[in-house]
Structures are given as C-alpha cells and as structure tokens.
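Report on the following structure.
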Amino acid sequence: MTAASSNALLNDLLVELHRSLVQYVLEAWLWSAPQAAPLKGAVLSLSERQRQDAGKIVALLQDRAHSLDFGQYDHDFPRMNYVAIEFLFAQLCDNQNSLVQKLEQSLPKLKTDPEAHALIVEILKSQRSGLEKLWSVDLPGGSAPPAWMK
C-alpha cells in the first residue's frame, strides 16, 4: 500500500470514529428518563474514547501533511432521535461492532505502514474495550445485546 493509500485509509477510519452513531447520539441525546442513565453513561464514556482515538489519527495525518476530511453523519442517523431506548441500544452495539470490524479489516492493508498499523492496533484495542463496556450496560427489563453480537 502506498503512503497516499495508507493515509486515505486512515482518513476513512477517522470518519468512522468521528461520525459514529455514538457521536451522533451524544449530540442529539433526548432520553432523559432515569432508566436511560446507564446507557447515557456508557455512551459518554465510549464517545470520549472515540474522540481520543480520532485525535490520534488526526495527529498522524497532520504530521504527514495529509488533507483531513471529517466526513458527515450517516443520513439515517436522525431516525434514531425518537426510538425506544432498547432499540437504540441494539443499534449502538451494532454500529460499534461494525466499527471494530472495519478497524480489524484495515490491519492487513496497513502492514506496509508500521506507524499507521501500530496506531490502528492501539485504537482497535480501545474500541473493542468500549464495545465490551457497551455490551455490559444493563437496561431496565434486562435488555442485553443478542448473543450473536458478542
């Protein structure tokens, strides 16, 4: 993979982190019921983790003088504004799981760029940990992600 291709892939991963469903939900948080507190806490924690990880990619791309594109939120995200908390929880888990998979899939492509590869390995560990913490949220009624999501 060329340096330009590696940087482009890093920028794509930056957009995935910076414009994730977790980031969108935090900006549009509407659930103020007490039963939403555990999920909101998990979203806040994961959001901060994603911001820190995105910042690491930004720093590397800036060091490489790569033009940054922060992307846009998915056009389907606004439909999450008025959904049941259990539905939102499942969507957050699914979106975070997808992010982890994209990070995993990028690793073989970054083998020729040791600095980028090491960074994505670090970010992958962080985002997997965030996914595990999200899965551990106990919603009212015992809602939990389906076994296939773990």
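The values are calculated or read from the model by the stated rules, or taken from the named source; none is laboratory data. Note that the coordinates shown come from a computational prediction; the quantities given were computed from them, not determined experimentally. Positions of Cβ are backbone-derived with ideal geometry, glycine not excepted, and every protein chain shown enters the neighbour counts.
Checked across the range 64-78, the condition of being among the aliphatic types (A, V, I, L, M), touching a residue at least 24 places away in the same chain (Cβ under 8 Å) and buried (at least 18 other Cβ atoms within 10 Å of the Cβ) holds for no residue.
Okay, residues lined up against (1) more than 17 Å from Arg19 (Cβ to Cβ); (2) within 18 Å of the chain's Cα centre (by Cα); (3) of a type outside the set (A, V, I, L, M, F, W, C):
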site	(1), (2), (3)
Ala42	yes, yes, no
Asp74	no, yes, yes
Ile85	yes, no, no
Gln91	no, yes, yes
Val100	no, yes, no
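Kindly indicate the residue of the range 80-95 that is of a type in the set (A, V, I, L, M) and either closer than 20 Å to Ala54 by Cβ or assigned to a helix (DSSP H, G or I) (or both) and also modelled with the highest pLDDT among those meeting that condition. Only one residue fits best here, namely Leu92.
Do we find a residue being in contact (Cβ under 8 Å) with a residue 40 or more places away in the chain, touching an Asp or Glu at 6+ places or on another chain (Cβ under 6 Å) and among the hydrophobic types (A, V, I, L, M, F, W, C) anywhere in the range 85-100? I'd like the intermediate steps shown before the answer.
Kept after step one, since they are in contact (Cβ under 8 Å) with a residue 40 or more places away in the chain, are these residues of the range 85-100: 85-86, 88-97, 99.
Still in the list and also touching an Asp or Glu at 6+ places or on another chain (Cβ under 6 Å): 99.
In the following step, the residues that additionally are among the hydrophobic types (A, V, I, L, M, F, W, C) were identified as 99.
Yes.
Filter the range 69-113 for residues that are aromatic (Phe, Trp, Tyr) and touching a Phe, Trp or Tyr at 6+ places or on another chain (Cβ under 7 Å) and give the result. It would help to see each step written out before you state the result.
Our first condition is that a residue be aromatic (Phe, Trp, Tyr); within the range 69-113, this holds for 70, 73, 77, 82, 87, 89.
Those that are aromatic (Phe, Trp, Tyr) and touching a Phe, Trp or Tyr at 6+ places or on another chain (Cβ under 7 Å): Tyr73, Phe77.
Just checking, which of Ala42, Ala54, Ala36 is buried (at least 18 other Cβ atoms within 10 Å of the Cβ) and touching a His at 6+ places or on another chain (Cβ under 6 Å)? Give the steps one after another, and end with the answer.
Numbers: Ala42 fails: touching a His at 6+ places or on another chain (Cβ under 6 Å); Ala36 fails: touching a His at 6+ places or on another chain (Cβ under 6 Å).
Selected residue: Ala54, the only one of Ala42, Ala54, Ala36 that is buried (at least 18 other Cβ atoms within 10 Å of the Cβ) and touching a His at 6+ places or on another chain (Cβ under 6 Å).
Against the numbered list (1) under 18 Å from Leu92 (Cα atoms); (2) touching a Lys or Arg at 6+ places or on another chain (Cβ under 6 Å), Met1 comes up short only at (1). Looking across Ser67, Ser32, one residue alone is small (Gly, Ala, Ser), at negative phi and at pLDDT 90 or above. It is Ser67. Cβ-Cβ distances below 6 Å connect the following pairs, each with a first residue in the range 28-53 that is within 19 Å of Trp135 (Cα to Cα), a second residue that is of a type outside the set (D, E, K, R) and at pLDDT below 80, and a separation of six or more residues or different chains: Gln35/Pro140. Considering only residues in the range 49-79 that are among the small types (Gly, Ala, Ser) and assigned to a loop (DSSP other than H, G, I, E, B), the one that is nearest to Leu124 (Cα to Cα) turns out to be Gly71.
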